[in-house]
Structure formats: C-alpha cells, structure tokens
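Colleague: After the structure tokens below, expect a handful of questions from me.
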Amino acid sequence: MSDFDINNYTYTPLFCEENIWKLINALYMNKIVKPKDVLFIVNKSQSIALYEQKRSIGQQPVIWDYHVVLTAQQESVTVVFDFDSKCDFPVNIKDYFSKTFPDLDNMYETYRPMVKAINAEYFFKHFFSDRSHMKGLIDNDQYPDYEIIRPNSDTSFLMLDNCLDVTMLNKQIILYKPYDYLELNR
C-alpha cells in the first residue's frame, strides 16, 4: 500500500463528512487511488459504537452520533480512509472492519451501526454542508477555516440530514449491515 501522510490532508475535528469531501477532492487530483464509496456509519438511535478510534479510552468504543469514512480502490485492494481511527491511513477494508466493528452480535442494538454507502462521485458532486447541525454546540473558532461546501452546478443538493436518514435510499445510496458491505467489497 502506498504511504499517505494524514497530515497532508484537510482535517477539522467533528466535521468528518467535510473531511471526507476534502479528501475525495485531493484524491481525484492526485489519482493515487480511486474513491469508491463514502460510508456514513449510522443507526436509528444516533448512537453508534466504534472501536479503535483516537478518542477511545483503553479498549472502550467511542460513541458517535454518526461517523463518515471513505473507501477507495488502491490497485486491487479496497482500503478505508478514517481520519479518526487508530488504524493505518488508509487501511485494508477487512482489517478496518474487524478492528472497528469487532463484536456486532453481542453489541446492544442501540449502539449497533449500519453502513450507508454513497457513491463517492455522487457525494462529491452533490454534497452540501450548511453546518447547522453544529450551531450552538461548538465555538466559532472550532469550525473549518474554509468556505461551506456546496455543489458547483445546478444539481440537486445532498444535505447532511439526507445522508444520516436511514430511510433515504436510491441507486446511489444503499444501506448495509457492516459485514454485508465488507463481503461485497473485499
């Protein structure tokens, strides 16, 4: 696997969807890997447990309301880019899933994640972030220091709320159990 220096990419804590959009932009420009799917890790209770996160304490999972990562094709291997993971950047998809979702069968339903896969090109062209989900939760200096992400053309907007909604699906947006997604993308 090629070496990627995580510090060479735009990263703002608590804005994983924007970090991934910026990463896709960089990857399209350097053509080292081919972005595949943006994975919104979600569930109906908006409480997902993820292991091997940088904010983890010991072997405990981090509980997020949602999380966003990118899968990409690197030569013949599917890899995952997760800015908040203790795993390599990127990491083989099988290793990422086994470390991030180690024991789904024994996890409380409230914390059990689903993977909402959005075609990376579709996400890149349509995603719009007004950042309203963070208003009143963080200080102004914690927001990204770049302009709000909005589509370049007159295409329809893919709002964050739509990405998090487990019922909003189409041919570009599909909901999976994590290991079902893994089986399709080894």
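Colleague: Filtering segment 81-115 down to residues that are of a type in the set (A, V, I, L, M) and within 14 Å of the chain's Cα centre (by Cα), which residue is surrounded by the fewest Cβ atoms within 10 Å (Cβ to Cβ)?
Modeller: Met114
Colleague: Please work out if Ile148 is over 19 Å from the mean Cα position of the chain (by Cα), of a type in the set (Val, Ile, Thr) and in a loop (DSSP other than H, G, I, E, B).
Modeller: Against the criterion (over 19 Å from the mean Cα position of the chain (by Cα), of a type in the set (Val, Ile, Thr) and in a loop (DSSP other than H, G, I, E, B)), Ile148 does not qualify.
Colleague: Given the criteria touching a helix residue (DSSP H, G or I) at 6+ places or on another chain (Cβ under 7 Å) and either modelled with pLDDT under 95 or not aliphatic (A, V, I, L, M) (or both), does Thr110 qualify?
Modeller: No; evaluated as a whole, the condition is false for this residue.
Colleague: Determine whether Arg131 is in contact with a Lys or Arg (Cβ under 8 Å, 6 or more places away or on another chain), farther than 17 Å from Gln46 by Cβ and of a type in the set (D, E, K, R).
Modeller: When the stated conditions are applied, Arg131 does not pass them.
Colleague: Then there's this: Which residue, of Val38, Val115, is outside any loop (DSSP other than H, G, I, E, B), in contact with a Ser or Thr (Cβ under 9 Å, 6 or more places away or on another chain) and more than 25 Å from Asp139 (Cβ to Cβ)? It would help to see each step written out before you state the result.
Modeller: Working: Val115 fails: in contact with a Ser or Thr (Cβ under 9 Å, 6 or more places away or on another chain).
Matching residue, one of Val38, Val115: Val38.
Colleague: Can you name the residue in segment 4-23 that is surrounded by fewer than 20 Cβ atoms within 10 Å (Cβ to Cβ) and of a type in the set (A, V, I, L, M) and, of all such residues, is nearest to the chain's Cα centre (by Cα)?
Modeller: Within segment 4-23, the match that is nearest to the chain's Cα centre (by Cα) is Leu14.
Colleague: Sort out which residues of segment 124-145 are charged (D, E, K, R) and not in a loop (DSSP other than H, G, I, E, B), and write them in order of number. Working first, answer last.
Modeller: As a first pass, look at segment 124-145 and keep what is charged (D, E, K, R): 125, 130-131, 135, 139, 141, 145.
Hits for segment 124-145 are Lys125, Asp141.
Colleague: While we're here: Take Lys135 and tell me if it is without any contact (Cβ under 8 Å) to a residue 40 or more places away in the chain and in contact with a Pro (Cβ under 8 Å, 6 or more places away or on another chain).
Modeller: When the stated conditions are applied, Lys135 does not pass them.
Colleague: Also: Among the candidates Tyr28, Tyr108, which residue alone is hydroxyl-bearing (Ser, Thr, Tyr) and touching a residue at least 60 places away in the same chain (Cβ under 8 Å)?
Modeller: Tyr28 is the lone residue from the list that is hydroxyl-bearing (Ser, Thr, Tyr) and touching a residue at least 60 places away in the same chain (Cβ under 8 Å).
Colleague: Mind checking whether some residue in segment 122-132 is more than 19 Å from Val38 (Cα to Cα) and modelled with pLDDT under 95?
Modeller: Start the filter on segment 122-132 by keeping residues that are more than 19 Å from Val38 (Cα to Cα), which leaves 132.
Among the residues that remain, those that are also modelled with pLDDT under 95 are: 132.
Within segment 122-132, one or more residues are more than 19 Å from Val38 (Cα to Cα) and modelled with pLDDT under 95.
Colleague: Here's another thing I want to ask about it. Let me confirm something: among Gln74, Gln53, which residue is modelled with pLDDT under 95, more than 12 Å from the chain's Cα centre (by Cα) and not hydrophobic (A, V, I, L, M, F, W, C)?
Modeller: Result: Gln74 is the single residue among Gln74, Gln53 that is modelled with pLDDT under 95, more than 12 Å from the chain's Cα centre (by Cα) and not hydrophobic (A, V, I, L, M, F, W, C).
Colleague: Next question, about the same structure. Report every pair of residues separated by at least 6 positions or lying on different chains whose Cβ atoms are under 9 Å apart, first residue within segment 79-102 and under 17 Å from Ala49 (Cα atoms) and touching a residue at least 40 places away in the same chain (Cβ under 8 Å), second outside any loop (DSSP other than H, G, I, E, B) and of a type in the set (Phe, Trp, Tyr).
Modeller: Listed pairs, sorted by first residue: Asp84/Trp64; Phe97/Tyr179; Phe97/Tyr181; Phe101/Tyr179.
Colleague: Keeping to segment 167-186, report how many residues are more than 22 Å from Ile93 (Cα to Cα) and assigned to a loop (DSSP other than H, G, I, E, B).
Modeller: Residues meeting the conditions: 4.
The values are calculated or read from the model by the stated rules, or taken from the named source; none is laboratory data. These numbers come from a predicted model, not from an experiment. All Cβ positions, glycine included, derive from the backbone under ideal geometry; neighbour counts span all protein chains shown.
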